[in-house]
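I have placed the structure first, in the form of structure tokens, so that the comments after it can refer back to it.
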Amino acid sequence: MTDPRTLAPPSLETHVAAHDETFLDSNELVINMGPQHPATHGVLRVILRLDGEKVLGLECVIGYLHRGVEKIAENRTYTMFNPYVDRMDYVAAVSNGLGYCEAVEKLLSVEAPPRAQYIRVILTELNRIASHQLWLGTHALDIGAITPLFYTFRDREEILKIFEKYCGARLTTHAFRIGGLQYEAYDGFEADVKNFVKFVKPKIDEYEELLTTNRIWLERTKGVGVISGKDCIALGVTGPVLRASGVKWDLRKAQPYANYKNFNFEIPTGENGDTYDRYIVRMIEMRQALRIIEQAVEGIPEGPIMAKVPKVMKPPVGEIYHSIEAPKGELGYFIVSDGSTQPYRVRVRPPSFVNLQALDLMCRGQLVADVIAVIGTLDIVLGEVDR
Amino acid sequence: MHDFLNSITDYLQNSNQTPGAAGNFFWATVYILLVFVGLSVAVIAMNWLERKILAHMQVRLGPMRVGPHGLLQPIADALKLLLKEDIIPAEADVTVFWIAPFIVVLAAFTVFVVVPFGPTHAITDMNIGILFMLGVSSLSVLGIVTAGWASNSHYPLIGALRSSAQMVSYEVAMGLAVVSAIMMTSLHGMGFYGVAPPGPADSGTLSMIDIVKMQQDQHIWFLFKFFPLGIIAFAIFAIAMVAETNRAPFDLPEAESELTAGFHTEYSGFRWSLFFLAEYSAMIAVSSIAVTLWLGGWLRPFPNALSGATWDLLFSIIPGATFLFLGALCFYSTARMPKHPLFRIQTMGLAGFGALLALIGIVLLIPGPRHWVQDIFWFSAKVAGFMYLYIWYRGTFPRYRFDQLMKVGWKVLLPIGLALLILTAVVGMRTELLAQVKEVLHR
């Protein structure tokens, strides 16, 4: 029997040639999944080569949501481009904004004041929880458990309410400004955050109660979509996927940005690199995010929220690469400045886009149902993949 | 004509007559109509209940807009489905595409020919009733396969293949569990509670009505007979029947996250609603089998432990009381309705519905209808319990993967079922077996 992982790469041109290598002498079935498909998380199109229900290989067709964000950046000033980054990973808009603002701040050699940093950390970690909640709900829905979706959305709502109160927007928040924050935290912000932490802790237990020890859930996730740490590094896969494969790599610890070095938290890692480990890692990450929020909200210092940044930003000629740990992995911004008000080039390294290329490797030899589970567990957002 | 009228008067005077026996064609027809109407109402009610119950499990309200508490939602849906454009894909095999839903519906409805709602409340009483039920209900797989094939599209095809494999393999385990129950009809054992008098083995039966009567005679539901064998058989059946009806967590053929809608992806409008109707009536059908075989069919709970005129009266009031309670619930909700002029019609509608339920409740308290409806009520109540389980499963479990589903069917349920069959036989015949062993030893 041939190991499907050793088969030729899944290109439709080669699929006739690959036919002889299938284990059964049956015709291959090429199935087109998406872009209109309930489980491809937006507009991902996956072309599956199947032998019965076994996946021989797959090819992702992306670009249905391409808006040319990087090109738009070249025609906008640094400030004007800021809201655009929210539209990439729209379920973790705050993280996107943080990455961009910090990158430009680095380019300008300014640093946000401590108070701004603390509020940034609180909002970013809240967004991490919101993103993980959305991931959990949709992932469980793909595997057939419909109830967690409603539980997670009920609780995510509380986070969105805090965002709404803080900056008026729920999804594409544009929460941060280059150099700090535009808005001071509203009255009762700290109480709201504390209440939320208290509210959501038992809720996370509730999600786990439904899934963690559920027999069917275990069967559907254990040993599904296994990827080794080595493969992860080779493919550039980051975030919870990488950590679930046993590599302890979290940019918040590895190259602390914002003021993450001031907080105590742990980086969860898995052992097997399967879907279940990724699930557990993300569940623990939610709890760790709560820990960070608790510490941050206790220690918000007084002071200004905006550093001294010129109205018209003209960063010195040069380039910068700054990356942060977004909920989905390493989110990097490479910005080249030619000294004018507009960036010469902005290149985004989106975690979803890079993680998605592991899909083929993870799905080889699995069944169609596992493809759905793996797409869910990679936690991709097509807005970020296509940009 | 005279004979015909005679048969009616006969039946009315002597309602212990066996349904479906010669001369009962009139009543068979009446029951066919009753069952058809009842089933349609049950499916509509089930539609609303499933949405509501599932919604409340998922911290939401469910339908609230169409009618008070969304009561008219299923009717609105049915109207929508009837008015929708009837699409037949250009590449489809039109004739087969056209026939497929009818096969499914026919199979699902025909099953009810032998379902006993009471000792005299059945369309007919076949001496091979349970075989007929299993046979006809497994015909629906034919409709599903043809539907998937006729659509001439990848997703329905995979859905149909999955469905046929699933239904065929679970039927085996299901059959074994059923055989175990049928064996119990002929085996007198002490059982767990020791209520059945040990005696000579009767001849067994396949008739649905007689199966329940055996449980009555032996003073025990087969669920508890030969404890824990009855419960195990019931459990096997309860798992297999969910797989058989393609419901969560075994709803692979229509796994919407993988195969969009499985075998009925290409169906729309009225044809789709036929599949829907068939799915729900199949659920009711298999639940009726389970109720008949293990839960004492139409028998009220504790007919022996709590016997006597007082208890009889008390239990006979329950149907009416249930409806009165539902009516009271409606009135309570009426009182809680927003006091806004916009809600006036809804409030009145809800009150009217409550009044209707209360009226039914009162009618069911009158001695005549009270006794007539007893059997049907207890049967329906037990089936309703299963329906609730179906919804509960759907709200709780993720979906099995295809190979795991097969593994559960062939590697878990089937061996257990086989072992169970042998054990039932051994336990049931233990006195005879012991006698034989003794004889051999004496020789």
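The values are calculated or read from the model by the stated rules, or taken from the named source; none is laboratory data. Only a predicted model underlies this, so the values are computations on that prediction, with no experimental measurement involved. Neighbour counts are summed over all protein chains in view; Cβ atoms, including those assigned to glycine, are modelled from backbone coordinates with ideal geometry.
What the table below lists for this structure:
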| item | result |
| --- | --- |
| Residue match in the stretch A:199-220 (condition: assigned by TED's automatic domain parsing to the domain that holds A:Val85, under 22 Å from A:Met88 (Cβ atoms) and in contact with a Ser or Thr (Cβ under 9 Å, 6 or more places away or on another chain)) | no |
| Test: residue in the stretch B:325-336 that is touching a Ser or Thr at 6+ places or on another chain (Cβ under 8 Å), assigned to a helix (DSSP H, G or I) and more than 25 Å from B:Gly70 (Cα to Cα) | no |
| Leading residue by the ranking (farthest from A:Asp379 (Cα to Cα)) among those in the stretch A:218-245 that are surrounded by 24 or more Cβ atoms within 10 Å (Cβ to Cβ) and within 14 Å of chain B (Cβ to nearest Cβ) | A:Arg220 |
| Any hit, the stretch A:158-175, residues being within 14 Å of chain B (Cβ to nearest Cβ), within 30 Å of B:Pro398 (Cβ to Cβ) and without any contact (Cβ under 8 Å) to a residue 24 or more places away in the chain | no |
| Helices (runs of 4 or more DSSP H) (entirely within the stretch B:57-148) containing at least 3 residues that are surrounded by 19 or more Cβ atoms within 10 Å (Cβ to Cβ) | B:94-110, B:129-137 |
| Selection count, the stretch A:38-88, where residues are assigned to a strand (DSSP E or B) and of a type in the set (Gly, Ala, Ser) | 1 |
| Test result for A:Glu111, acidic (Asp, Glu) and closer than 21 Å to A:Glu294 by Cα | no |
| Scan of the stretch A:356-386 for residues that are within 22 Å of A:Tyr84 (Cα to Cα) and either out of contact with any Cys (no Cβ under 9 Å at 6 or more places or on another chain) or of a type in the set (D, E, K, R) (or both), ordered by number | A:Asp379, A:Ile380, A:Val381, A:Leu382, A:Gly383, A:Glu384, A:Asp386 |
| Check on B:Gly327, within 14 Å of chain A (Cβ to nearest Cβ), of a type outside the set (A, V, I, L, M, F, W, C) and touching a Leu at 6+ places or on another chain (Cβ under 6 Å) | no |
| B:Leu365, sole failed condition from (1) assigned to a helix (DSSP H, G or I); (2) surrounded by fewer than 17 Cβ atoms within 10 Å (Cβ to Cβ) | (1) |
| Number of the exception - A:Ser340 against (1) without any contact (Cβ under 8 Å) to a residue 60 or more places away in the chain; (2) closer than 21 Å to A:Asp250 by Cα; (3) not assigned by TED's automatic domain parsing to the domain that holds A:Tyr90 | (2) |
| From A:Ala258, A:Ala296, A:Ala254, residue being assigned by TED's automatic domain parsing to the domain that holds A:Gly137, of a type in the set (A, V, I, L, M, F, W, C) and closer than 14 Å to A:Val197 by Cβ | A:Ala296 |
| Helices (runs of 4 or more DSSP H) contained entirely in the stretch B:218-308, each with at least 2 residues that are more than 14 Å from every other protein chain (Cβ to nearest Cβ) and charged (D, E, K, R) | B:269-294 |
| Test: residue in the stretch A:182-193 that is under 20 Å from the mean Cα position of the chain (by Cα) and away from every other protein chain (no Cβ under 14 Å) | no |
| Hey, B:Ile391 among the β-branched types (Val, Ile, Thr) and in contact (Cβ under 8 Å) with a residue 60 or more places away in the chain or not | yes |
